[in-house]
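The values are calculated or read from the model by the stated rules, or taken from the named source; none is laboratory data. Being a predicted model, the structure only gives us computed values, none of them experimental. As a convention, Cβ positions derive from the backbone with ideal geometry for all residues, glycine included, and neighbour counts pool all protein chains shown. These area figures cover heavy atoms from the full protein model, side chains too; ligands, DNA and RNA do not enter into them. Shrake-Rupley method; radii C 1.70, N 1.55, O 1.52, S 1.80 Å.
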Amino acid sequence: MMTRGILAVTMILGSAGVAAAAGQEDRIFEMRTYYAPPGKLDAMNARFREHTLKLFDKHGMVNIGYWMPIDNPDNKMMYVLAFPSREAREASWKAFFADPQWQEVRKKTEADGPIVAKVESVLLSATDYSPAVKPSVAGERAFELRTYTASPGNLGNLNARFRNHTLKLFEKHGITNIGYWCPLEDQPGAGETLVYIVAHESVDAAQASFGAFRQDPDWLAARKASEEKAGGSLTAPDGVKSLFLKATDYSPMR
């Protein structure tokens with residue numbers, strides 16, 4: 001397995017208060033997770049490295065980033081694509097699957113059996129406070145995948161806290177904001193979850209940054225005010241998940 005860099009993404013899915021404002025990020029994003037059969041993860045990565053990314057580009061898909069969990073017992077690889085619209089996404093995938101070049105690549109790479117066991121997909125739109133999402137290479141970085149589930153009725157308040165306070169405080173403590181999304185209305189988790197990706201210099205730096213963030217008086221004041229307004233926690237019990245990932249060696253974002 002050839003990987004480089006570490007990724008952590010924070011994900012909160014939902015629809016309220018998350019549509020991209022005019023002039024900001026208005027593309028459709030797709031986060032896909034692939035599971036390789038035992039012993040096939042290297043072969044799956046090789047196909048993406050040598051063929052798939054080029055074919056995605058050929059058919060109008062924008063490759064944002066490709067990652068794998070640091071601890072990867074399930075043989076997972078995840079990636080994010082961008083499209084001008086949902087209609088453009090459908091047209092791109094249709095053209096990709098019909099491409100004779102892809103069909104030949106798939107036939108050759110699966111001569112000894114399938115190299116993908118399962119695929120999961122969620123369609124996302126950027127929040128109105130998300131930075132513009134684009135591939136970038138900044139040396140060896142740690143990324144973090146975090147999933148937030150809002151408490152009932154509080155997704156709007158949660159987004160407001162991120163918009164007005166959290167992103168600035170992340171930057172203050174050395175956390176790089178990459179992108180923030182919510183699922184489209186017909187997608188799993190819509191209305192209750194937010195998705196975002198942040199980057200750190202390393203996993204140790206991530207832990208230090210979040211430690212300092214959680215003790216910051218500005219964060220404590222913002223959290224207290226937002227929870228008093230909402231009448232309690234803005235996240236559901238056990239509603240914050242974190243997963244550290246490694247960028248693959250072919251990822252446009254590292």
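Points to keep in mind about this one:
- Only beta bridges with both residues in the chain are counted; by DSSP, about 95 percent of them are antiparallel.
- Rounded to the nearest 20 debye, dipole of the chain from Cβ charges on Lys, Arg, Asp, Glu: 260
- The modelled label-to-label distance between Gln101 and Val203, using points 7 Å beyond Cα along the C-beta direction, is 3.7 nm.
- Built amide H within the under 5 Å cut-off of Thr147, gap 5+: Met11, Lys241, Ser242
- Surface composition of the chain: carbon plus sulfur atoms contribute 52% of the solvent-accessible area (1.4 Å probe, protein chains only, all chains present).
- Solvent exposure ordering (accessible area, 1.4 Å, most first) of Asp186, Asp249: Asp186, Asp249
- The stretch 188-254 shape via C-alpha gyration tensor axes, a/c threshold 1.5: oblate
- Cα→Cβ-extended label distance, 7 Å offset, between Ala111 and Lys134, nm: 4.1
- Subset of Lys40/Lys134; Lys58/Lys108; Lys134/Lys229; Lys40/Lys172 violating a 31 Å alpha-carbon distance limit: Lys134/Lys229; Lys40/Lys172
- For the stretch 117-125, 3J(HN,Hα) computed residue by residue from phi via the Karplus equation (6.51, -1.76, 1.60; θ = phi - 60°) reads 8, 7, 10, 10, 9, 9, 9, 10, 10 Hz, glycine and proline entered as x.
- Net charge over other residues, Cβ less than 9 angstrom from the Cβ of Ser202 (K, R count +1; D, E count -1): -2
- Taking a Cβ cut-off of under 12 Å around Thr147, the surrounding Lys, Arg, Asp and Glu residues balance to a net charge of -1, with basic ones at +1 and acidic ones at -1.
- Take Phe48: with every protein chain present and a 1.4 Å probe, its accessible area is about 10 Å².
- Computed with a 1.4 Å probe over protein heavy atoms only, the accessible surface of the stretch 15-155 comes to 47 Å² per residue.
- The chain: calculated mean residue ellipticity at 222 nm from DSSP helix runs of at least 4, using -39500 (n - 2.57): -8500 deg cm²/dmol
- Note on the chain: GNM, Cα springs under 10 Å; of Thr52, Thr147, Thr109, the largest mean-square fluctuation is that of Thr109.
- In the stretch 156-199, trypsin sites (Lys or Arg not before Pro) in a DSSP loop with at most 13 other beta-carbon atoms within 10 Å: none
- Between the C-alpha center of the stretch 38-112 and that of the stretch 188-221 there is a gap of 29 Å.
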